[in-house]
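Q: Mind having a look at this structure? Questions to follow.
The values are calculated or read from the model by the stated rules, or taken from the named source; none is laboratory data. Everything numeric in this text was worked out from a predicted model, so none of it was measured. Neighbour counts run over all protein chains shown; Cβ positions are idealised from the backbone, glycine included.
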Amino acid sequence: MEAAIIGALLKTTLPKALSALGGSRDVRSIQSELRYIEATIQDHRKKTGGRDTSHLRAAWIRDLTLFAFDIEDCVDRFLRQEMPPEDGEAGFLRRSARAARSTVFTRTLFSLRIRKLKARSEEIHRRLKRYIEEETAEATTPDCGAASVPSARCGAPAAAVGMDEPLGELLELVREPGTPSEGKLRVISVVGFHGMGKTLLAHQVFDHGDVRRLFPMRVWVCAAGKGTPEVLKEMLDQVLQSGAGTSADGARQVDSAPVATTTTSNANGAVPEVEENGVEQVQNGESASVSVAHGISTWRQCLQAVWWTLATIMLYILSPAFTVANMVQASSLQVESADMHSATANASISTSTKIVAQVDGNKNVQMKRQADRGKAIQEGTHAHQDAVDDTTLIEQRLGSYLKNKRYLIVIDGMQTEELCNITSVFPVDDGVDSRVIVTTTIKKIARRCSSANGRVYKMKTLDDNDSRKLFFEVFSKGKYSVADATELKASALLEKCGGLPLALESKAKFLKSEEDLTKSKCEDACRKLCAPERCDDTLGRMHGVLVSSYESLCSLVLQQCLLYFCMFPRGHRVRRNPLIRRWLAEGLVHVQPGDAVSTTPQDIAIENLETLIDRSIIQSTEVSTCGHVKRCQPPGMMLEYIVRKSMSQNFITLLCGESETTGEWDYVRRLSLHDYCAEKLPKGLSRLRTLAVFPTGDAAKHGPTLNFAKYDLLRVLDLEECDGLNDGHLQNICNLVFLKYLSLGGRISEVPKKIAKLQWLETLDLRRTKIEKVPIEVIQLPQLKHLHGKFQLIEGDCGKINPEYLSKRCTLETLSGFVTGESEGFPQLMRHMKRLRKVKIWCESTASRRNLNQLEEAIKVFIRDGNEWPHRSLCIDFQECSDPFLGSLKAPGSLASLKLRGKLSGFPQFVTKLNRIEELCLSSTNLSRGVLLSGSRLDTLKYLKLIEDNIGPLEIRHEHFPSIRRIWLVGVKSLHSVTTGALPHLTSLHMICESLDGLAGIEIRRLEGLKEIRLHSAVDQGTKDAWKKTARSHPKRPDVLLH
């Protein structure tokens, strides 16, 4: 956290201060102090492994945070006062004199404040050094009374509710036979968030009777917190124990937490059943292993002695000061460290003692240092080599014991990519069909492990019925009254658990001691689960899972990105692009020194979101045509945890319902109101940087009560859900000159020209407003990159802007979108906006031919420039326009994505001329299937979406869509026929038709690469079952999901 705070200061705030003051010495001194602080923190984090959670650190972070806030506020207020006053009636000389007086006074006051902040930075640096010294001193003395952090512990859940279907599906994957002639090592990866029951499911498969008969050799290891050598050694120990018949199935962890590993204990899950002809071999191998290990140890010590002798001879040759006495002394030290009690070693020791006694004291110290240095180098080299040798030996022995055996290995809780290659150790023999099951929370690891010849099984949360059943199974052994069910529903406990089995079980156990359920008791369980000081044994395990998920994020910036999700209400599906733009406006992501030159902050923000989703900490709830995440949200209990974490760190302040406004408000930076009456807001919010309002019910009350004039340092303002906003509010909002992100809703119908004051605005979202026309001042905003809505330019404004200015100064990248009507406007300006990446256009029935010609010319320029600026996206809605202007469009160039909505007389010829087009969406075009397929020879097309009602069945042949990967058919009832071998790259098929009847003649067995099928959620159960049954017989066993 502290590193992120300092990073933001060094990269954004202080450079602004230097620019404002022309290179102030005090500001540079603060920069220098912060760099030393940053380096000190990084060194300390390396020593502690990033797990310093002491109260001293918490106090230190708080001081640093407040210091960062004060610097940021000081700089922003200086910049605010430096802005010219609004006095249109005063003359030029009077305005200039007033500005000069104001500038002198402001800069003098700012310099005094900077000097005070400089003194604070020096004091903070001294305090940090003292803090680290105290921490280091404490670390040398073990604290026997320290309480361990609660973590996930061994033991199976009390009830396996909702596991029947997953168990059946996973058993089918395990029992699925390989080819008769060749053996298969199939790796099945079970992936999902902590506490979803991955380990329980693997446990049930592992102990299943059919599995016991199919796989006589079975091994279970927990990989959490371990490296490859440790995991391999544990496997080998279990195989040896299993062969000797001395072990039984042991307890296994649920959703893997790090535990102590014992190599001699039989509680690691080894299985006593081994093929009869292999028992003697394994037993002999185990008995021989002791002598072999002893021999290896002895030879290793001898080799170390020889190596050390050679090293000392080299040091003697290279250094005249290194005499024979020191060589003998060094050899004796090495012999002592190796504990070799031979007669030769004893003689060497006695000889070295006599010689050293005759050497000069100072010379002896110098030579001893050289000996120690040489010894350290030799020991480090040998330690690394020994580890490699040990791992290689274990791999060889494990491979020999598993050879020609049918085995099942479960690797539970794999969290590092280092372990992904461990399966290469396991032998694959002709005619022997073996399995490996990996459980993990990281999708990337699951894909890597199962990439060659495996499957990825994604865990699902419990539905409402199973959630209720599991809760009462643990709470009261399945018995409950109507009153209990009512109170449970009223408390929203099930909703907060989000169908997570571990959360439901933990809360049920916590409430088990209560005689009856009440809403307040259920809410108390939720609060205590997310507060470490309140967690008892029943809640500690779930709390440990949440802490582990949060702390597994190696980057502090990643942790902040996760905490930002608590800005949004429960159940709110967060849109991907606005979220990324808010992160950028907040300054949460920065380009680091080690990043590639072409890397942008937006690239880093996208990567951070993908990492959170890959780790199952954030769940994707909606995907785009090309498979990218469109909406996402955190699981229920993770949201509870990050809300508590965020508020404790003063990262985000959240007010919900009737929350009391208690606490410190002077340093509140981010405030989110969830159905909270704005009239209750405290007065001390002058430092506020982010304000988001999410009302429910009567949303109008949130409009008039917000006084935006008080929040003059705001950067992010999200009022999209506020229906009570009016034009008067927007007038006040235009005074917030530091705004970078503005999203509006309500009854706002006009954008004032004073919006030109928002010189730092990057995103303006007007989609939820009633605005139909915008002034030219919006286009002229110097930092504006993303403009959303459905509007035209005010009539007459088109001629007020110089086209050359647009070509050189306009920063718009997203224009989504504008309306082409009878008046001039965006069609005339679009061709001059060179940085546009995404454009959406509506063509009205009133559009004049002149405007359509201008629009056609603008589209040509946009497509032509796509050769120089790739990844351009164009969306045209001409449903209301009767003029078929697209038919005559000839625009060679490049587009990454094209979406067309409206009637077409034929397939647009310009589409076939596009270079590198990857995504095509056609909606309500009324094209026949023959016409559609005539345009199917687009070699680069990867994603196709058809939204048609009367297209009829499609017949797909080899020449159609050779590179297609994902197909969305909305309203299309059938593909009718797919030639075997056609669509070789297709991995995802979406049949989004509510009236789909069964398989509708679609033979998915011909789609050899298919991995995913999505159906409309309203299709009947018979259709769902038919698709699932067909998917199970497909070689790739694609997932059948509902949209």
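Q: Return the total of residues in region 428-445 being over 27 Å from PRO635 (Cα atoms), surrounded by 18 or more Cβ atoms within 10 Å (Cβ to Cβ) and not β-branched (Val, Ile, Thr).
A: The total comes to 3.
Q: Another question, if that's okay. For the structure I just gave you, tell me whether LYS790 is basic (Lys, Arg), more than 29 Å from VAL668 (Cα to Cα) and part of a helix (DSSP H, G or I).
A: Answer is no for this residue.
Q: A follow-up question, please. Residue by residue through region 980-1039, note down the ones that are in a loop (DSSP other than H, G, I, E, B), within 24 Å of LEU933 (Cα to Cα) and of a type in the set (Ser, Thr, Tyr).
A: THR980, THR987, SER995
Q: Then there is this: Can you tell me how many residues in region 190-225 are more than 30 Å from CYS497 (Cα to Cα) and touching a residue at least 60 places away in the same chain (Cβ under 8 Å)?
A: 8
Q: If you go through region 408-443, how many residues are among the basic types (Lys, Arg) and either on the phi > 0 side of the Ramachandran plot or in contact with a Ser or Thr (Cβ under 9 Å, 6 or more places away or on another chain) (or both)?
A: The qualifying residues number 1.
Q: Out of the residues in region 560-594 meeting the condition of being of a type in the set (Lys, Arg) and part of a loop (DSSP other than H, G, I, E, B), tell me which one is modelled with the lowest pLDDT.
A: Selected residue: ARG570.
Q: Now a separate question. Can you say whether THR925 is β-branched (Val, Ile, Thr), assigned to a loop (DSSP other than H, G, I, E, B), more than 15 Å from GLU856 (Cβ to Cβ) and more than 33 Å from the chain's Cα centre (by Cα), as far as the supplied structure shows? Show your work before the answer.
A: Working: β-branched (Val, Ile, Thr): yes; assigned to a loop (DSSP other than H, G, I, E, B): yes; more than 15 Å from GLU856 (Cβ to Cβ): yes; more than 33 Å from the chain's Cα centre (by Cα): yes.
Here the answer is yes, as THR925 does meet what is asked.
Q: For region 425-441, indicate whether the set of residues that are free of Cβ contacts under 8 Å to residues at least 40 places away in the same chain, farther than 18 Å from VAL174 by Cα and in contact with a helix residue (DSSP H, G or I) (Cβ under 9 Å, 6 or more places away or on another chain) is non-empty.
A: no
Q: Condition test on GLY627, is it out of contact with any helix residue (DSSP H, G or I) (no Cβ under 7 Å at 6 or more places or on another chain) and either within 28 Å of THR439 (Cβ to Cβ) or among the hydroxyl-bearing types (Ser, Thr, Tyr) (or both)?
A: yes
Q: Here is a further query. Can you pull out every residue in region 749-787 that is part of a loop (DSSP other than H, G, I, E, B) and of a type in the set (A, V, I, L, M)?
A: Answer for region 749-787, where residues must be part of a loop (DSSP other than H, G, I, E, B) and of a type in the set (A, V, I, L, M): VAL751, LEU758, LEU761, ILE771, LEU781, LEU784.
Q: Taking LEU539 as the residue in question, decide whether it is outside any helix (DSSP H, G or I) and either modelled with pLDDT of 90 or more or not β-branched (Val, Ile, Thr) (or both).
A: No, not satisfied.
Q: Please list, ordered by residue number, the helices (runs of 4 or more DSSP H) wholly in region 796-915 having 3 or more residues that are among the aromatic types (Phe, Trp, Tyr), more than 41 Å from the chain's Cα centre (by Cα) and surrounded by fewer than 19 Cβ atoms within 10 Å (Cβ to Cβ).
A: No helices (runs of 4 or more DSSP H) qualify here.
Q: Answer with yes or no whether GLN241 is surrounded by 18 or more Cβ atoms within 10 Å (Cβ to Cβ) and touching a Ser or Thr at 6+ places or on another chain (Cβ under 6 Å).
A: yes
Q: Hey, can you tell me all the residues within region 820-847 that are out of contact with any helix residue (DSSP H, G or I) (no Cβ under 9 Å at 6 or more places or on another chain) and of a type in the set (Ser, Thr, Tyr)?
A: SER845, THR846
Q: Now, a different point. Which of the residues spanning region 977-997 are among the small types (Gly, Ala, Ser) and modelled with pLDDT of 85 or more?
A: Within region 977-997, SER988 is the sole residue that qualifies.
Q: Inside region 384-495, counting only helices (runs of 4 or more DSSP H) that do not spill past its ends, which hold 3 or more residues that are modelled with pLDDT of 85 or more?
A: Values: elements: 443-449, 464-476, 482-490.
Where helices (runs of 4 or more DSSP H) fall fully within region 384-495 and carry at least 3 residues being modelled with pLDDT of 85 or more, they are 443-449, 464-476.
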